[in-house]
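Here the structure is laid out as structure tokens; the discussion comes afterwards.
Taken together, the values in this text are just the output of simple stated rules run on the coordinates, not laboratory data. All of these numbers come straight from a predicted model, not from anything done at the bench. Here the Cβ positions follow ideal geometry from the backbone for every residue, glycine too, while neighbour counts run over all protein chains shown.
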Amino acid sequence: MKKMIFVILTTILLASCVKDRVKAGRDLFHGGEVDVKASQSAGVIVIKSGTAFNPFEGNGRSCASCHRAENKFGMSEATRDGLSADDRFFYMGLDEDQALLKGHGLVHVIGDGLDEFRQTPALNELCTLCNNYGNCESLGLNSDRTSNLQAFSLGAVINHHARSPARQPGVDFVLPSPGQVKDLVDYMLSSDVCEGL
Ligand code: HEC
């Protein structure tokens with residue numbers, strides 16, 4: 001009997017830890033405290049007023065500047081066309097090709113030996129591609145990147161969130177802690193992302 005109570009309590013505790021991580025990851029991913037109910041009824045992410053912050057102390061982009069919940073966490077042409085010219089997606093201080101970015105949504109991708117311009121892929125299938133530890137069948141538009149979600153997310157911060165092309169940690173951005181990377185991964189593998197808004 002005691003053993004059973006212990007198992008039940010541990011399961012509840014673990015489940016609530018995962019829930020906290022998903023929430024922390026969600027807020028970090030979107031750069032503010034997400035109002036889940038308001039987001040679900042609006043069909044786009046709604047950030048609670050006064051809670052927005054600059055993730056990773058970088059250029060002001062959040063992961064969601066490119067990975068939009070209303071587009072299965074990718075970016076559609078219609079969404080891109082509707083962005084205002086000063087949207088952080090078009091951040092001017094990095095080595096983006098502004099014509100490719102504005103005209104075709106092609107983002108400068110650097111990492112894993114690559115230096116290319118690519119579309120932002122949807123993230124809603126990560127939960128079928130990856131196990132709970134974030135090891136995936138493959139990642140990247142051409143399945144040519146690291147297949148570990150933790151390593152990929154760290155690379156995404158360095159790649160897309162820096163203030164300048166030097167991409168110097170501690171100057172252009174602050175590297176996320178291992179806990180923050182885990183939070184991002186737990187969020188990306190959660191039903192919030194897999195099933196969408
Ligand atoms: C400036 C736009 C931009 C931002 C900001 C951005 N990404 Fe991405 N993301 C991309 C692009 C472009 C790719 C495609 C890269 C490739 O194919 O190598 C991508 C790919 C990914 C993938 C791989 C998906 C797959 O199915 O292969 C993951 C996971 C990911 N991003 C997570 C993140 C996380 C986490 C953040 C925030 C820390 C982030 N991204 C910020 C543009 C962005």
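Quick rundown of the values:
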read-out: Nearest-20 debye value, the range 59-197 charge dipole, Cβ charges on Lys, Arg, Asp, Glu; value: 240 debye
read-out: In sequence order, calculated HN-Hα J values of the range 184-189 (Karplus, 6.51, -1.76, 1.60; Hz; x Gly/Pro); value: 4, 5, 4, 5, 5, 9
read-out: Charge-dipole axis of the chain as Lys and Arg at +1 and Asp and Glu at -1 on Cβ define it, positive-most pick from PHE56, LEU106, ALA162; value: PHE56
read-out: Unit charges at the beta carbon, dipole of the chain: most positive-side option, CYS66, SER76, VAL44; value: VAL44
read-out: Computed log₁₀ I(q)/I(0) - Debye formula, equal Cα scatterers, no solvent, the range 113-197, q 0.15, 0.20 Å⁻¹; value: -0.59, -1.01
read-out: The range 2-194: radius of gyration over Cα atoms, expressed as a fraction of 2.2 N^0.38 Å; value: 1.07
read-out: Potential extension, GLU116-LYS19 segment - 0.36 nm per residue separation minus Cα distance; value: 31.3 nm
